[in-house]
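> Dumping the structure here so I can ask a few things about it.
The values are calculated or read from the model by the stated rules, or taken from the named source; none is laboratory data. Bear in mind that the values here come from a model prediction, so they are computed numbers and not experimental data. Here the Cβ positions follow ideal geometry from the backbone for every residue, glycine too, while neighbour counts run over all protein chains shown. With ligands, DNA and RNA removed, areas are computed over all heavy atoms of the protein, side chains included. Shrake-Rupley method; radii C 1.70, N 1.55, O 1.52, S 1.80 Å.
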Protein chains: 2
Amino acid sequence: METLKQYIEQNKDRFFDELFSLISIPSISSMHEHKQDMERCAQKWKELLINAGVDYCNIMPTKGNSVVYAEKIIDPTKKTVLVYGHYDVMPVDPIEQWHSDPFKAIIKDGKIYARGADDDKGQSFMHAKAFEYMVKTNQLPTNVKFMLEGEEEIGSENLYAFCQKNKDLLKADIILVSDTSMIGEDTPSITTGLRGLGYVEVEVIGADRDLHSGIYGGAVANPINVLCGMISKLMDENNHITVPDFYKEVLVISDEERKLMAQAPYNEENYKKELDIDDVFGEKGYSTIERTGIRPSLDVCGIWGGYQGEGSKTIIPSSAHAKISFRLVPDQDFNIITERFEKYFLSLAPKGVRVKVTPLHGGYPYVSPIDMPAYKAAEKAYEKVYGKRPIPTKSGGSIPIVAGFERILGIKSILMGFGLSADAIHSPNESYPVNQFLKGIETIPHFYKEFAKQ
Amino acid sequence: METLKQYIEQNKDRFFDELFSLISIPSISSMHEHKQDMERCAQKWKELLINAGVDYCNIMPTKGNSVVYAEKIIDPTKKTVLVYGHYDVMPVDPIEQWHSDPFKAIIKDGKIYARGADDDKGQSFMHAKAFEYMVKTNQLPTNVKFMLEGEEEIGSENLYAFCQKNKDLLKADIILVSDTSMIGEDTPSITTGLRGLGYVEVEVIGADRDLHSGIYGGAVANPINVLCGMISKLMDENNHITVPDFYKEVLVISDEERKLMAQAPYNEENYKKELDIDDVFGEKGYSTIERTGIRPSLDVCGIWGGYQGEGSKTIIPSSAHAKISFRLVPDQDFNIITERFEKYFLSLAPKGVRVKVTPLHGGYPYVSPIDMPAYKAAEKAYEKVYGKRPIPTKSGGSIPIVAGFERILGIKSILMGFGLSADAIHSPNESYPVNQFLKGIETIPHFYKEFAKQ
């Protein structure tokens, strides 16, 4: 495939222009004010896929944001690869921490900087360009289907129904996803496990108005103090989550597998330096890799209440709020865990306040076996381009719909991620190395070739 | 003093117009954007005082907001009353909870609604009108000085230096203050104690950016979880503050005095109903009145960190913040308490985060003896207008500068408050009953008359 490298080299400037036009649309799915941008972004994808050579492309409505579906069927008897990606992105706040406009991509020091540069516009767009190459050079070895959704960052709520309704349309031998990362630029890896996710908003309500902290201080329950107390009771001194039966369904990983995991390259000093922290943290008895790979976690993603402005305001606020997420591992069910959390959290509420728990979304964990044909094909593809056999790793992140695909469509997914941990996805100044973008485009056709052979 | 009632009746509409013009200036001292409003408000006071009949009025600069000083000296050998008030107000957020424009006063159901309607524009303006009456009817029995500051709500920081510099100018026999409340419309009371105040902002800092809660969740300390844990350790299960030596200087109140306090009218059911809470809260072993009157308290006035927008964002935030206030009682020193708090709070910080504590302001508690001449005069004045002997009460609130006056000028203050607990000062929809406003104006000249006699 010498022509492949040449094709990429000759066309890469156009690839960047096209990617940047996709990035320029602020498709933030969690904010209603961007509803129209979601549609614009779907239209842009349609245009890009048609130019890349699909037979046709439809923008298919759901109860929420539309799904972009496209396909190229070369021979119904041949294998079919279903490419999944998402065109929605995370919010950009704190906006003041960005060094450049999050929706005006720039290339600096060999990296693309923008919201979605990696997650997932950059990574999903590699598939469009790898596909374009295979079509233009008559090397497409399988049928290809594209499915791009606009709600991944808010739980893919409507994609489950979409899959139910379109089982035939979505028939495929494998689902190909690039929405994860690899260990390092020189250390390719394939994600074989994803954590599930639960996400709730909690509210503690006290008096019917903010109160003067002098006149009432010490005599009326303070919703912020109460909320802090309740949150502090969610983990014990060993950073073990205290929700009753939280760990009941957690798969116990064998010592052998833990030994294997321990072989993955991990340098604690670099890890701490990269994050500017003086120490790691987590559940007693587990390594950092295990804490994010095979153990569930609980994090408060946001908290607010009372006076947050300049200077001082002496009040007891009327209410306090927090957003809490849990990451789940096989075989935890987010519905059950969310129920147990709600029951426990409400039980922590003292007299003098009212407490509300609102589940926002959730998803199941996923495991990708290393003995399936697609994994072998991916292994060979990375090896060709990176010169090293990729390491199977478990990601701490979640792509809830991937477990959904298996449950609804009965199709496994292969997670060929090209992101790096330094890409700061979900954070200000998200980036994606130009090299990873180009090498990803180069790796994918090898995967198709190997997968067709299996 | 029959003419007094008539004078008020004949002029009350003008009184309202003048008060509303004072209220219409958004003099929020804690926000820089209102710096010019502070100056405008001082100018307005000057105009109002000159029209009321002072000899002269000066707007005197400080390092912060100016002090409005005015006087009328009828005879240097006569007693002098120094009226203190403040023309600054609290912020108005949450603005969406206001039923009307906070800076456009309206009268509804017998109450004036506006920010500052009670605290302290409404209450301090009563003195200007009572003074006007005594001047216009040649019944002023003492010399009068007015001192109105623009920084009470942010700790009166620059008024201490102002008093140091102007000891002679401010010479007086008593400082007369209306910035407190009375028990009820039919139950006059005089505040004989004020709590002191300490106020700090705390920050917990983790990684140098927001992190993906999947990829790092469970392996990196979460500043919000950490902050909640630290805050939860500030009080024990008896709602006793755990800062070492926090109570060391707290005056122990005799059982007799506690018995007297218990005689003040207090209806727990009404108290709970008025606040829409199902139970009171506080330090074990003390009544609600004691918890706010003779015991210190600790409240988180504001907290923020991470994602607070619509929907969900799965991050571990880079930092979390809180504003924490303590109310102090005799003989606690806010400087010492703030030091002890900082030392203890920092000691609660786990590895993996950095913690900052920034003191914002503070003030000393104050006690006003019930055997001083001014107290007796105030007692008689209330009795004349309300037909009942006022009850001596200890307020949970703080007017730090009142203790400062005693320390710097050696002058005691008499706290003739006319506010009601339902006035919701510092909260949305602050109000002040028209009757209290007019009865206050009626009560004050009686005080002058009685005080001159003592």
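> Out of the residues in segment A:395-429 that are in a loop (DSSP other than H, G, I, E, B) and out of contact with any strand residue (DSSP E or B) (no Cβ under 7 Å at 6 or more places or on another chain), state the one that is farthest from B:D208 (Cα to Cα).
Among those that are in a loop (DSSP other than H, G, I, E, B) and out of contact with any strand residue (DSSP E or B) (no Cβ under 7 Å at 6 or more places or on another chain), it is A:G410.
> When both residues are 6+ apart or on different chains and their Cβ atoms are under 9 Å apart, which pairs have a first residue that lies in segment A:400-425 and is more than 14 Å from chain B (Cβ to nearest Cβ) and among the small types (G, A, S), and a second that is part of a helix (DSSP H, G or I) and open to solvent by 10 Å² or more (accessible area, probe 1.4 Å)?
Within 9 Å, the pairs are A:G404/A:Y160; A:S413/A:E406.
> Taking A:K351 as meeting all but one of (1) touching a residue at least 12 places away in the same chain (Cβ under 8 Å); (2) buried (at least 19 other Cβ atoms within 10 Å of the Cβ), write down the number of the exception.
(2)
> Here is a list: B:S297, B:S312. Which entry is within 21 Å of the chain's Cα centre (by Cα), facing chain A (nearest Cβ under 7 Å) and of a type in the set (S, T, Y)?
Going through B:S297, B:S312 in turn, the sole match is B:S297.
> Could I ask something else about it? Do you know which residues across segment A:265-288 are part of a loop (DSSP other than H, G, I, E, B) and at the interface with chain B (Cβ under 7 Å from one of its Cβ atoms)?
If the condition is that a residue be part of a loop (DSSP other than H, G, I, E, B) and at the interface with chain B (Cβ under 7 Å from one of its Cβ atoms), then A:D276, A:I277, A:D278, A:D279, A:V280, A:F281, A:G282, A:E283 are the ones that fit.
> Continuing with this model, one more query. Name the residues in segment A:177-189 that are at pLDDT 95 or above and assigned to a strand (DSSP E or B), would you?
Across segment A:177-189, the qualifying residue is only A:V177.
> Which is surrounded by 21 or more Cβ atoms within 10 Å (Cβ to Cβ), assigned by TED's automatic domain parsing to the domain that holds A:I107, closer than 18 Å to A:A130 by Cβ and touching a Leu at 6+ places or on another chain (Cβ under 8 Å), of A:L48, A:L19?
A:L48
> Residue by residue through segment A:217-238, note down the ones that are open to solvent by less than 10 Å² (accessible area, probe 1.4 Å) and more than 7 Å from chain B (Cβ to nearest Cβ).
A:P223, A:L227, A:M230, A:L234, listed by residue number.
> Go through segment A:229-268 and give me each residue that's in contact with a Cys (Cβ under 6 Å, 6 or more places away or on another chain) and touching a residue at least 60 places away in the same chain (Cβ under 8 Å).
A:I231
> Now for a separate question. Could you please find all residues in segment B:208-238 being part of a loop (DSSP other than H, G, I, E, B) and touching a strand residue (DSSP E or B) at 6+ places or on another chain (Cβ under 9 Å)?
Matches in segment B:208-238: B:D210, B:S213, B:G214, B:I215, B:Y216, B:G217, B:G218, B:A219, B:V220, B:A221, B:N222, B:L234.
> Please determine whether any residue of segment B:109-116 is more than 16 Å from B:S178 (Cβ to Cβ), touching a Leu at 6+ places or on another chain (Cβ under 6 Å) and among the small types (G, A, S).
no
> Then there's this: Working only within segment A:357-389, note down all residues that are part of a loop (DSSP other than H, G, I, E, B), out of contact with any Asp or Glu (no Cβ under 6 Å at 6 or more places or on another chain) and not aliphatic (A, V, I, L, M).
Of everything in segment A:357-389, those that are part of a loop (DSSP other than H, G, I, E, B), out of contact with any Asp or Glu (no Cβ under 6 Å at 6 or more places or on another chain) and not aliphatic (A, V, I, L, M) turn out to be A:Y364, A:P365, A:S368, A:P369, A:D371, A:G387, A:K388.
> Residue pairs, Cβ under 6 Å, 6 or more apart or interchain, first in segment A:427-454 and under 29 Å from A:D93 (Cβ atoms) and β-branched (V, I, T), second at pLDDT 95 or above and surrounded by fewer than 24 Cβ atoms within 10 Å (Cβ to Cβ). List them.
A:V434/A:G110
> Follow-up. Filtering segment A:200-215 down to residues that are at pLDDT 95 or above and at the interface with chain B (Cβ under 7 Å from one of its Cβ atoms), which residue is nearest to the chain's Cα centre (by Cα)?
A:G206
> Scanning segment A:239-284 for residues that are within 16 Å of A:P330 (Cα to Cα) and of a type in the set (K, R), which turns out surrounded by the most Cβ atoms within 10 Å (Cβ to Cβ)?
The selected residue is A:R258.
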